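The values are calculated or read from the model by the stated rules, or taken from the named source; none is laboratory data. These numbers come from a predicted model, not from an experiment. Cβ placement follows ideal geometry from the backbone for every residue including glycine, while neighbour counts extend to all protein chains displayed.
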Amino acid sequence: MRNQILAALFLLLIGAILIAHFLWSPMWASLFLIIPLVLWGLYDANQKSHAIVRNFPILGRGRYLMEALRPGIQQYFVERDTEGTPITRIDRSVVYQRAKKVTDTTPFGTQLDLYGEGYEWMNHSIAAFDPHDLEQHPRVTVGTPDCANPYSCSIFNVSAMSYGSLSSAAIESLNGGAKIGDFAHNTGEGGISSYHLAHKGDLIYQIGTGYFGSRGEDGNFSWEEFAKRAAEPTVKMIELKLSQGAKPGHGGILPGKKNTPEIAKIRGVEPGTTVNSPPYHKEFNSPRGLMEMIGRMKKISEKPIGFKLCVGRKSEFLAICKAMIELNIMPDFIAVDGGEGGTGAAPVEFSNSVGMPYREGLAFVYDALIGFNLKRHIKIIASGKVMTSFDIFRALALGADAAYSARAMMLALGCIQALECNRNNCPTGVATQDPKLMKGLVVSDKKVRVANFHHETVKNFVELLAAAGLENADKINRTHIYRRITMNTIKRYDEIYPYLTPGCLLNEDMIPENWKKYMLEAAPGTFMTDLQLYGG
Ligand SMILES: Cc1cc2nc3c(=O)[nH]c(=O)nc-3n(C[C@H](O)[C@H](O)[C@H](O)COP(=O)(O)O)c2cc1C
């Protein structure tokens, strides 16, 4: 094929020269096009990097063009409302509508397949309430009894996304929205920037394995720096990140293109370089060590301290619970992220195949805390595609006390799911550090959209509570949700995720059979026991 294409180009060239010479002199002008085409064909036929272009000079490049156009064509022309990944069009649309405060009702009935495997729904009650009679802004108090400054947290908050991953305008808009709507904005692991502080919205300061913001000159954790950040008045809670669902067991990645001098200064790293945070914490190497660190953070900050994780080995989480009991140190909250979580950049294997999915992870963490009699002190915040008020309801049914959202908040800012977060090309200015693209994102407009989205979603959540005949969010439990297992079988959540007897994991004789092996593997002195290593 390669030779035929080159021959055709040469014939075209000779033909044009002959026509121009003997028949029609204006034909000479066509050589301005034909000569570059011939040279281009020769170049393609001799380059060695792309086999398809070498075999099909010029034409082979059509493939790359189609590849580039595919996501847009797919999203705008092909995709149905119930499709689109990672976030379906139906979910994206409802976020846009609520952020813009335009009609968000649906005509003519559901587009979902109610008989499809996995379909889930909640139960309404004949004894429903008037939603106006319920508390319109449900909140939950985070803080164990020894916490000097408990935080009254909205049930819906902005999940961790750093300045670096997101633009300064996006961070400002999220924080401005949090201020207007009185909810919390998680800083992400990149530290606290001036953009996080500009609007005085409540912050949850996240510390990842890079310790950005609490990092000494040697790159290790610095208690002095931590004390300074913790004293910031808008920092209401602090979250130590163990892992996140999109890349558990892998540290954060800041692509070199997004590592501007300003961001590098905030993080204490070299500008322009790709920064990979370590996959593990240097400050501790055992469940006991983790709890001791949390205890010290609690003492210094006097604010609620929690940790975030995507569940991996169940025994490791149980070991952390054992360490809590042994040392009598508890986090004030635990943030549970699902394997389906989002990210600015992650290796595809980690996104697709590492970490426990959200529902199982959340149910497991709740059950473990109940089993160790710890749940009464520790709040759970869940994240994993929480887009609508039903998603919040479902999270609370599984055991969460509040929810986080990252990608829905990005959509409220105007994100169009262009999937460019890792390339610095985000066309909406949300996930880029390119000043030209950032200009498109106007903070004064977008912060109101973020607040609108939060407000409308919580309002709808209160309507769901009322429809279920529940006076407050505390009353939601696993009996309120059903899942279709097959065409003819449905199960209630409490059948799929059976509740544990409170305190049963504290007594050898009461440990449920299917928990025994995990309990045996769990030791507060180490994350990785010999039993885990050798399958004994
Ligand atoms: C652009 C982007 C940046 C993120 N950065 C962080 C981060 O710094 N720390 C973290 O713990 N999680 C981070 N996450 C994960 C989210 O906080 C959240 O746990 C996850 O996306 C699940 O929530 P979602 O389904 O609502 O997006 C990031 C997610 C996105 C989309």
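If you check I87 against the conditions, is it aliphatic (A, V, I, L, M), out of contact with any Asp or Glu (no Cβ under 7 Å at 6 or more places or on another chain) and assigned to a loop (DSSP other than H, G, I, E, B)? The answer is yes for I87.
Residues checked against (1) on the phi > 0 side of the Ramachandran plot; (2) within 16 Å of the ligand (Cβ to nearest atom); (3) not polar (S, T, N, Q):
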site: D434; (1), (2), (3): no, yes, yes
site: L465; (1), (2), (3): no, no, yes
site: G469; (1), (2), (3): yes, no, yes
site: I476; (1), (2), (3): no, no, yes
site: I490; (1), (2), (3): no, no, yes
site: D494; (1), (2), (3): no, no, yes
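Hey, does the range 115-138 have a residue that's free of Cβ contacts under 8 Å to residues at least 12 places away in the same chain and farther than 30 Å from T486 by Cα? The answer is yes, given that some residue of the range 115-138 is free of Cβ contacts under 8 Å to residues at least 12 places away in the same chain and farther than 30 Å from T486 by Cα.
Of all residues in the range 330-354, those satisfying the criterion of being within 27 Å of G143 (Cα to Cα) and touching a strand residue (DSSP E or B) at 6+ places or on another chain (Cβ under 8 Å) are P331, D332, F333, I334, A335, V336, D337, G338, G341.
Consider the range 120-158 and keep the residues that are within 16 Å of the ligand (Cβ to nearest atom) and under 20 Å from V448 (Cβ atoms). The one that is farthest from the chain's Cα centre (by Cα) is S154. Assessment of the range 91-102 against the conditions (assigned to a loop (DSSP other than H, G, I, E, B), touching a Lys or Arg at 6+ places or on another chain (Cβ under 8 Å) and either at pLDDT 90 or above or not assigned by TED's automatic domain parsing to the domain that holds T343 (or both)) yields no matching residue.
Residues are listed down the side, and each one gets a yes or a no for (1) more than 30 Å from E420 (Cβ to Cβ); (2) of a type in the set (V, I, T):
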site: D367; (1), (2): yes, no
site: N373; (1), (2): yes, no
site: I380; (1), (2): yes, yes
site: S383; (1), (2): no, no
site: T388; (1), (2): no, yes
site: G399; (1), (2): yes, no
site: A406; (1), (2): no, no
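With respect to the stated conditions, P357 fails to be in contact with a His (Cβ under 7 Å, 6 or more places away or on another chain) and more than 15 Å from E239 (Cβ to Cβ).
Going residue by residue through the range 59-74, is there one that turns out to be under 30 Å from V386 (Cβ atoms), exposed (fewer than 15 other Cβ atoms within 10 Å of the Cβ) and of a type in the set (A, V, I, L, M, F, W, C)? The answer is yes, given that some residue of the range 59-74 is under 30 Å from V386 (Cβ atoms), exposed (fewer than 15 other Cβ atoms within 10 Å of the Cβ) and of a type in the set (A, V, I, L, M, F, W, C). Could you check, for the range 159-182, whether at least one of its residues is surrounded by fewer than 24 Cβ atoms within 10 Å (Cβ to Cβ), more than 9 Å from the ligand (Cβ to nearest atom), at pLDDT 95 or above and in a loop (DSSP other than H, G, I, E, B)? So far as the range 159-182 goes, yes, one or more of its residues are surrounded by fewer than 24 Cβ atoms within 10 Å (Cβ to Cβ), more than 9 Å from the ligand (Cβ to nearest atom), at pLDDT 95 or above and in a loop (DSSP other than H, G, I, E, B).
Determine if the range 467-484 includes at least one residue that is in contact with a Ser or Thr (Cβ under 8 Å, 6 or more places away or on another chain), of a type outside the set (S, T, Y) and in a helix (DSSP H, G or I). Yes, because at least one residue in the range 467-484 is in contact with a Ser or Thr (Cβ under 8 Å, 6 or more places away or on another chain), of a type outside the set (S, T, Y) and in a helix (DSSP H, G or I). Residues in the range 183-212 that are over 15 Å from I305 (Cβ atoms), crowded, with 23+ Cβ neighbours inside 10 Å, of a type outside the set (D, E, K, R) and within 12 Å of the ligand (Cβ to nearest atom): H185, G188, G190, G191, G210, F212.
The set of residues in the range 254-301 that are under 21 Å from the mean Cα position of the chain (by Cα), crowded, with 18+ Cβ neighbours inside 10 Å and polar (S, T, N, Q) comprises N259, S277. The number of residues in the range 212-230 that are in contact (Cβ under 8 Å) with a residue 12 or more places away in the chain and either in a loop (DSSP other than H, G, I, E, B) or not assigned by TED's automatic domain parsing to the domain that holds N157 (or both) comes to 6.
The set of residues in the range 20-58 being hydroxyl-bearing (S, T, Y) and loosely packed, with under 14 Cβ neighbours inside 10 Å consists of S25, Y43, S49.
Restricting G338, G355, G371 to residues that are more than 14 Å from the chain's Cα centre (by Cα) and modelled with pLDDT of 95 or more narrows the list to G371. Just to be sure before I move on: is T428 without any contact (Cβ under 8 Å) to a residue 60 or more places away in the chain and either crowded, with 23+ Cβ neighbours inside 10 Å or not hydrophobic (A, V, I, L, M, F, W, C) (or both) in the structure I sent? It is true that T428 is without any contact (Cβ under 8 Å) to a residue 60 or more places away in the chain and either crowded, with 23+ Cβ neighbours inside 10 Å or not hydrophobic (A, V, I, L, M, F, W, C) (or both).
Here the range 431-466 is the region considered, the condition is being touching a Ser or Thr at 6+ places or on another chain (Cβ under 7 Å) and of a type in the set (G, A, S), and the residue that is nearest to A363 (Cα to Cα) is A431.
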